[in-house]
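First the structure, in the form of structure tokens, and then the observations on it.
What follows is calculated from the coordinates using simple rules that are stated; it is not laboratory data. Small disclaimer: the values here were computed from a predicted structure and weren't measured. Note that each Cβ is placed from the backbone with ideal geometry, even for glycine, and that neighbours are counted across all protein chains shown.
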Amino acid sequence: LNSSLVQCDSLYKEALTLISEVPPSLTGTDGRQYSTERRLIDWVSRYLSSLLYVPDNPAQQPLHIFRELCSAIESYKHWSSNGNLKVRGVLLSYLLSIGQPTFSFNIQNVSHHSYPSYDI
């Protein structure tokens, strides 16, 4: 299991390096410019949702991937003020989710005590 965590960490960290490469807008097939901000916020939300299922690597600090995500978001220079607030709301939602004493879902044959809990 520990080797799986290391591989998972590598994949999650590699995904974070791509945030800085997201352009502020893309040209659609109709020739119009479209902002990528909403899609990036949606991606961050899905990324964090998947982190709920993945325990932290015991060889790292607690929430190390979350901290790296925060750094990547902080260094992204194309946020509008509204987008910046929205993505920070997504980050806060994640912290509130992991701070719950139990998950709102159950996985058969897995105890919620198998997952780390954090005092926030």
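Computed from the C-alpha gyration tensor, the three semi-axes of the ellipsoid equivalent to segment 46-101 are 22, 14, 8 Å, from longest to shortest.
Our coupling estimate for segment 58-70, obtained by passing each phi through the Karplus curve with A = 6.51, B = -1.76, C = 1.60 and θ = phi - 60°, is x, 7, 10, 5, x, 6, 5, 5, 4, 5, 5, 4, 4 Hz, Gly and Pro reported as x.
For a label point 7 Å from the Cα of Glu14 along Cα→C-beta, name the residues of segment 37-64 whose backbone N is under 13 Å from it. Within reach of a label on Glu14: no residues.
Subtracting the Cα-Cα distance of Ser49 and His64 from their residue separation scaled by 0.36 nm leaves 3.9 nm.
Computed from phi, the 3J(HN,Hα) profile of segment 12-17 under the Karplus parametrisation 6.51, -1.76, 1.60 (θ = phi - 60°) reads 5, 5, 5, 4, 5, 5 Hz, with x in place of Gly and Pro.
Is the shape of segment 16-83 best called rounded, prolate or oblate, per the rule: a/c under 1.5 gives rounded, else a/b larger than b/c gives prolate, else oblate, with a ≥ b ≥ c the square roots of the Cα gyration tensor eigenvalues? Let's see the in-between values first.
Details: a/c = 2.96, a/b = 2.25, b/c = 1.32.
Taking the square roots of the gyration eigenvalues as a ≥ b ≥ c, segment 16-83 is prolate.
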